[in-house]
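Read the structure below first, then the notes.
The values are calculated or read from the model by the stated rules, or taken from the named source; none is laboratory data. Predicted model only: the values in this text are computed from it and were never measured. Quick reminder, even Gly has a Cβ in these numbers, built from the backbone with ideal geometry, and neighbours come from all protein chains shown. Keep in mind that these areas ignore ligands, DNA and RNA; they rest on the heavy atoms of the full protein, side chains included. Shrake-Rupley method; radii C 1.70, N 1.55, O 1.52, S 1.80 Å.
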Amino acid sequence: MKIKITADSTCDLGEELTKKYNVGIMPLTVLLGAESFRDGVNIVPQDIFDYVAKTQTLPKTSAPSIADYEDFFGGYLKEYDAVIHFNISSKTSASNSNALAAAEKYRDKVYVVDSLALSTGQGLLVLKACDLAAEGLSPEEIYRQVNELRPKVNTSFVPDALDYLHKGGRCSLAALMGAKVLKLHPQIIMTDGQLGAKKKYMGDMNRCIKNYINDLHILYPEYDSTRCFVTHSSADPELVEMAKKQVEKLFAFDEILVTTAGSIVTSHCGRNTLGVLFITK
C-alpha cells in the first residue's frame, strides 16, 4: 500500500528533510500588509524581521482553505492509496479544522492528525509516521500510534527577546520590560496544544540555553533516542553550535537535526529563539 505523509509548512522540516522523507508540504499564508506570501515558498524569515522593524507590527498569518486542502489531498490520491496529514495545533490555527472538513471528501483515504504542537514538535510526529510507513504499517495503525505519541513530544523553546510575543498579545508590557531589565528569558512550552511560560532563565542567551538543555536532561531521563531537533529562528551560529554540543554531551540521540524555523513560527517568536525538541517516554 502506498502511503503519502504530508504536513503543514509549520512542521519546519526544511527542504533537505522533506525531500529525504518524501513529505508533502502545504504552505500556510503570511500577510505583510497587503501582500500575500506562501510560507517556505516565496518568503524567508529575514522578510519578517524587516517588516516588523519597519512597521512595528507583526505579520498576519492564515490557514489554507478547505478547498486548498481538498486540492492538496486529491492531487496525492491520484498516485497514493492513502494520505496522512499533520497540522499545527488546532488551538493555534484553523488549519486542522479545514483539513478535517476537506478529508470528508475522501473518506477512509485521508487521515488528519492534530499534532497539538508546532515547528519540529510537529515535525517529530511527521518523521515518526515516515518511519512507520517504511516499516509497512497500515495507515490506520500509523494514525493510532502517532496520536498516542502526541503528549510525549517535548515542544519547548527559549526566546532571546519577548518583543514579538508582546506584539502578538502573548506577553504583557510589564513582563516585557521586566525581562529587558533583568535579562530574563522564559522557557515557552507547549502543553495540550497550547503555549505557556514555564521556568525563567537569567543572563545572556548562551548561559540560558545551556541551563535550559541541562534542565531538559534532568526532566526527561528516558526518551526516544531516534532523533532530536535543535530548531532556531535565525539564531547566532555560535549559539546553535553550543546548543548542539550540549545536547551531544548530555543525551544519546542517533541523530541531532539542526533546522531553521520558517516564516510562520518566526513571525510569532522573533529572531534568536532556540528550542531542543524530542519525543519522551
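Among the listed pairs 20/105; 78/105; 152/198; 128/244; 4/91; 4/244, which have their C-alpha atoms separated by more than 19 angstrom in this model?
20/105; 128/244; 4/91; 4/244
Quick one: compute the contact order of the chain, relative version, from alpha carbon pairs under 8 angstrom and 6+ residues apart, as a percent.
Relative contact order of the chain: 21 percent.
Only bridges whose two residues both fall in the chain count here: according to DSSP, what percent of them are antiparallel, nearest 5?
For the chain, the DSSP antiparallel bridge percentage is about 55.
Out of the DSSP beta bridges found with both residues in segment 185-277, what percent are antiparallel (nearest 5)?
About 65 percent, rounded to the nearest 5.
If DNA, RNA and ligands are ignored and the probe is 1.4 Å, what is the ranking of 90, 119 by accessible area, most exposed first?
These residues rank, largest area first, as 90, 119.
For the chain, just run the numbers: alpha carbon Rg, then divide by 2.2 N^0.38 Å, N being how many residues it has.
In units of the globular-protein estimate, the chain measures up at 0.98.
Among 129, 24, 195, whose Cα sits farthest toward the positive end of the charge dipole of the chain (+1 at Cβ of Lys/Arg, -1 at Cβ of Asp/Glu, about the Cα centre)?
195
Rounded to two decimal places and with Rh computed the Kirkwood way over Cα pairs, what is Rg over Rh for segment 52-154?
Across segment 52-154, the Cα-based Rg/Rh ratio is 1.03.
Which one of 73, 86, 37 has the biggest mean-square fluctuation once the chain is modelled by GNM with Cα springs under 10 Å?
37
Straight-line reach from residue 54: which lysines fall under 20 Å, measuring Cα to Cα and dropping same-chain residues less than 8 apart?
Of all the lysines, those that pass the test against residue 54 - Cα under 20 Å, at least 8 places apart if same chain - are 167.
Please state the charge dipole magnitude for the chain, taken about the Cα centre, from unit charges on C-beta atoms (+1 on K and R, -1 on D and E), reported in debye and rounded to the nearest 20.
800
With +1 on each Lys and Arg Cβ and -1 on each Asp and Glu Cβ, and nothing else charged, work out how big the dipole of segment 1-54 is about its Cα centre, in Debye to the nearest 20.
340
Enumerate the lysines that residue 199 could reach by cross-link, defined here as Cα to Cα under 18 Å, with residues fewer than 8 away along the same chain left out.
180, 183, 210
Normalised by the number of residues in segment 181-281, what is the relative contact order in percent for Cα pairs under 8 Å and 6+ residues apart?
30
Binning at 10 angstrom from zero up to the longest distance, how are the C-alpha pair distances of segment 1-68 distributed in percent?
Per 10 Å bin, starting at zero, the Cα-Cα P(r) for segment 1-68 comes out as 18, 44, 27, 9, 2, 0 percent.
Percent relative contact order of segment 71-119, based on C-alpha pairs within less than 8 angstrom and at least six residues apart?
Once divided by the residue count of segment 71-119, the mean separation gives 45 percent.
Restricting to DSSP H runs of at least four residues, report the calculated mean residue ellipticity at 222 nm for the chain, -39500 (n - 2.57) per run over all residues, nearest 500 deg cm²/dmol.
Mean residue ellipticity, 222 nm, calculated: -12500 deg cm²/dmol.
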